[in-house]
Amino acid sequence: MSVVKINVLTVGEDRREELERRFAGRAGLVESAEGFERFELLRPTEGTDKYFVVTHWRSEEDFQRWTESRQFREGHAKAAADGGQGHGHGHGHGGPAATGAELWAFEVIQRADAT
Ligand code: HEM
């Protein structure tokens, strides 16, 4: 079954609107990545103040290939530039909206959808 990669973003109260605005204007390139299944941006409402960027992939290899792709770079180009890191991802820094990012990984071992 699929692998699930969740980028967990720390976003200050005053930056939430900016983060959501940026995602609203996201590149939309991930959709065409090989092995990509779905993406959701989850806004916290209870129990945590972290935003979850949830992505599902056919395989670990497909996810790795995407992180090394032009689509990933372009999808994060603004975050990288504004973050002033030169690259801006994978090191817990990130762009202007998120002050921290942590990658969590899971495998789907069961699934049910409404009948
Ligand atoms: C330091 C690490 C990261 C930070 C701070 C970060 C933050 C962001 C931000 C702010 C955007 C909105 C577009 C923009 O402003 O450029 C974005 C896009 C996105 N991020 Fe990340 N990201 C990071 C790494 C990752 C990783 C490891 C994943 C994998 C789960 C991921 C998944 C996505 C997806 C799927 C999009 C939409 C791209 C598209 O539409 O093609 N991000 N990210």
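A quick yes/no check of all residues on (1) more than 21 Å from Phe106 (Cβ to Cβ); (2) out of contact with any Ser or Thr (no Cβ under 7 Å at 6 or more places or on another chain); (3) in a helix (DSSP H, G or I); (4) of a type in the set (Ser, Thr, Tyr):
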residue	(1), (2), (3), (4)
Glu37	no, no, no, no
Arg65	no, yes, yes, no
Glu74	yes, yes, yes, no
Lys78	yes, yes, yes, no
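When you go through (1) touching a residue at least 12 places away in the same chain (Cβ under 8 Å); (2) part of a helix (DSSP H, G or I); (3) of a type in the set (Asp, Glu) one by one for Glu31, which number turns out not to apply?
Against the list (1) touching a residue at least 12 places away in the same chain (Cβ under 8 Å); (2) part of a helix (DSSP H, G or I); (3) of a type in the set (Asp, Glu), Glu31 comes up short only on (1).
Name the single residue that is nearest to Leu103 (Cα to Cα) among those in the range 1-25 being assigned to a loop (DSSP other than H, G, I, E, B) and in contact with a strand residue (DSSP E or B) (Cβ under 9 Å, 6 or more places away or on another chain).
Ser2
For the range 48-71, which positions are of a type in the set (Ser, Thr, Tyr) and either surrounded by fewer than 16 Cβ atoms within 10 Å (Cβ to Cβ) or out of contact with any strand residue (DSSP E or B) (no Cβ under 7 Å at 6 or more places or on another chain) (or both)?
Those that are of a type in the set (Ser, Thr, Tyr) and either surrounded by fewer than 16 Cβ atoms within 10 Å (Cβ to Cβ) or out of contact with any strand residue (DSSP E or B) (no Cβ under 7 Å at 6 or more places or on another chain) (or both): Thr48, Ser59, Thr67, Ser69.
Going residue by residue through the range 74-95, is there one that turns out to be at pLDDT 95 or above, surrounded by 15 or more Cβ atoms within 10 Å (Cβ to Cβ) and under 19 Å from Val3 (Cβ atoms)?
no
The values are calculated or read from the model by the stated rules, or taken from the named source; none is laboratory data. This one's a predicted model, so the numbers in the text were calculated from it and none came from an experiment. All Cβ positions, glycine included, derive from the backbone under ideal geometry; neighbour counts span all protein chains shown.
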